[in-house]
Every structure is written in C-alpha cells, then in structure tokens.
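K.L.:
There's a structure below that I have some questions on.
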Amino acid sequence: MVNVPRIKGTAAETAVVGYFQEHGFPYAERRALKGALDRGDLTGMPGLAIEVKYANAGIRMGSWLAETGIERLNARADHGILVIKPAGMGDRKVAQWLAAMSAEDFNRLWLKALMAPEFSVIVVNDPVETYSEQHLKWQLYAKVRGLEDPREVMVLTLRPPGTKDKPEAWYRVMTLEQMTRLLHAAGYGDGVREHEPAGA
C-alpha cells in the first residue's frame, strides 16, 4: 500500500536538501536511517539539526519545535531548525517555506551573527504577535517584501497561548531563504563536512 504522507514528506525533505546544497551547504543530504535516537531529517550540515515537516493538515508549531529540540540534543548540534512546507506552496517556492526556532535557540544563533568579524545581517524583530497559524505565512511574506536594506532579515515573533511572561517559550519564524542568510552570517555552511557523534 502506498504511504502518501511519507512520499510527500520525502519530497519535502528532498526539496529542502536541494535548496541548502545550492546555498552554501553542498554536503546536505537526507538522513537514511533515524534509529532509536532521531537526529533530524538532514545530515551533512555541521552544528545543525534540521527537521522538515509537510504541513498538509495544519501547522503544529509547538509539538514540532519540541521534536526539533530533542533531535538537536540527540545530534549534539548547536541549533535545531524546523522547516515547514505550508499547504499550497510547491517545491519551486522552497525559499519561501517557513523556518522556525525556539526563541532561546534563535537568540544564541543571532548572538553568533552579531559577533561575526564581518557584520553582514540586520535582524528585524517584528513586535510580538499572538500565535496565529491561519495568517502566519501571509503576515511574514508581507513583511519580508517590505524590507529596504538588503542586509535585513525579517523574523516574526509568535507568542503561544499561556506564555505571555515566558519569552524563552516564544517562537521565531522566518522564510527558509532568510534563515539561510542568518546561518551564513553566524558562520555555518560553505562546504564544511559533518562529523557524526561517536557511535552514530
């Protein structure tokens, strides 16, 4: 029997791999076997645990980011990144797919970009939004189009219900293109091979 969700998930992972390979991560590839300790969907990207989700039944940001955080720990990676294929957005628009991190993880990545010898990005922090899955991509894309400085990276801050006084539990969301620019600014990519943890 054909497993349609798995086929769609594999296609989404393949599209993300192709994008990363073309944008400074030439050794990115799909992880063949996940095993008992899932370390994300992609490998070949040192310091990064990447989880890819095909959002055909809605975006489950909280549970997916929690899963990504566990994978980051399993992979002993610096950062965990969740890439989401929104419904109705095909592979040709993979650069516009969503890339999300926990606020705490994002802040560590941003600090690396700020400390880089050549400061090459300016993070535009949008005011905190109440988490709205339905309008997420439209909010983000409209704001990305409004950027004026080519160094700017637009980051949308989403606040899940019940986290008003817990900013570390908020979500930071951008497009995959914007995330890739931020990763480069923080020193990731450009052909470094991944060293798998011992016993992997």
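K.L.:
Residue by residue through the range 108-113, which ³J(HN,Hα) values in whole Hz follow from phi under the Karplus form 6.51 cos²θ - 1.76 cosθ + 1.60 (θ = phi - 60°), with glycine and proline marked x?
P.N.:
Karplus-based 3J(HN,Hα) across the range 108-113 equals 5, 5, 4, 4, 4, 5 Hz.
K.L.:
Also, I was wondering about something else. So who's got an amide H within less than 5 Å of the one on ASP126, skipping anything under 5 residues away but keeping other chains? H placed 1.01 Å off N, in plane.
P.N.:
VAL155, THR157
K.L.:
How do PHE106, PHE25 rank when sorted from fewest to most other Cβ atoms within 10 Å of their own Cβ?
P.N.:
PHE106, PHE25
K.L.:
Tell me the trypsin sites (Lys or Arg not before Pro) within the range 10-95 that lie in a loop according to DSSP and have at most 14 other beta-carbon atoms within 10 Å.
P.N.:
LYS34, ARG60, ARG76
K.L.:
For the chain, rounded, prolate or oblate, judged on the Cα gyration tensor with a ≥ b ≥ c (square roots of eigenvalues), a/c < 1.5 rounded, else prolate if a/b > b/c?
P.N.:
Rounded is the answer for the chain, as its axis ratio a/c remains below 1.5.
K.L.:
Under 1.5 on a/c is rounded, so check that first for the range 1-97, then, if it is not, pick prolate when a/b is larger than b/c and oblate when it is not; a ≥ b ≥ c are the square roots of the alpha carbon gyration tensor eigenvalues.
P.N.:
Taking the square roots of the gyration eigenvalues as a ≥ b ≥ c, the range 1-97 is rounded.
K.L.:
Here is a follow-up. What are the residues whose amide H is under 5 Å from the amide H of GLU152, where those residues sit 5 or more places off or on another chain and H is modelled from the backbone?
P.N.:
Hits under the 5 Å cutoff: ILE122.
K.L.:
Now, a different point. For the chain, which longest stretch is free of loop sites, where a loop site is one of the GluC sites (Glu not before Pro) that DSSP puts outside H, G, I, E and B and that has at most 14 other Cβ atoms within 10 Å?
P.N.:
Looking at the chain, 1-117 is the longest stretch - no exposed GluC sites (Glu not before Pro) with at most 14 other Cβ atoms within 10 Å.
K.L.:
Would you kindly derive the ³J(HN,Hα) couplings of the range 41-51 from the backbone phi angles with the Karplus curve 6.51 cos²θ - 1.76 cosθ + 1.60 (θ = phi - 60°), listing them in order in whole Hz, with x for Gly and Pro?
P.N.:
The phi angles translate into 8, 10, 9, x, 10, x, x, 10, 10, 10, 10 Hz.
K.L.:
Mind listing the long-range amide H neighbours of ARG31? Cut-off is under 5 Å, sequence gap 5 or more, other chains count too, H placed in the peptide plane at 1.01 Å from N.
P.N.:
LEU42, THR43
K.L.:
When SER63, SER102 are ordered from fewest to most other Cβ atoms inside 10 Å of their Cβ, what list results?
P.N.:
SER63, SER102
K.L.:
Still on this model: With an 8 Å cut-off on Cα pairs and a minimum separation of 6 or more residues, tell me the relative contact order of the range 1-114 in percent.
P.N.:
This gives 22 percent for the range 1-114.
K.L.:
Averaging sequence separations of C-alpha pairs under 8 Å and six or more residues apart, then dividing by the length of the chain, give the relative contact order as a whole percent.
P.N.:
Once divided by the residue count of the chain, the mean separation gives 22 percent.
K.L.:
Still on this structure, please answer the following. Within the range 133-173, which trypsin sites (Lys or Arg not before Pro) sit in a loop by DSSP and count at most 14 neighbouring Cβ atoms inside 10 Å?
P.N.:
ARG151, LYS164
K.L.:
What is the dipole size for the range 4-185, taken about its Cα centre, with +1 at each Lys and Arg Cβ and -1 at each Asp and Glu Cβ, in debye to the nearest 20?
P.N.:
I would put it at about 420 debye.
Quick note: the coordinates plus some simple rules give every number you see, no bench work behind them. Quick caveat: nothing in here was measured; it's all calculated off a predicted structure. Please note: Cβ atoms are built from the backbone with ideal geometry, for glycine as well, and neighbour counts cover all protein chains shown.
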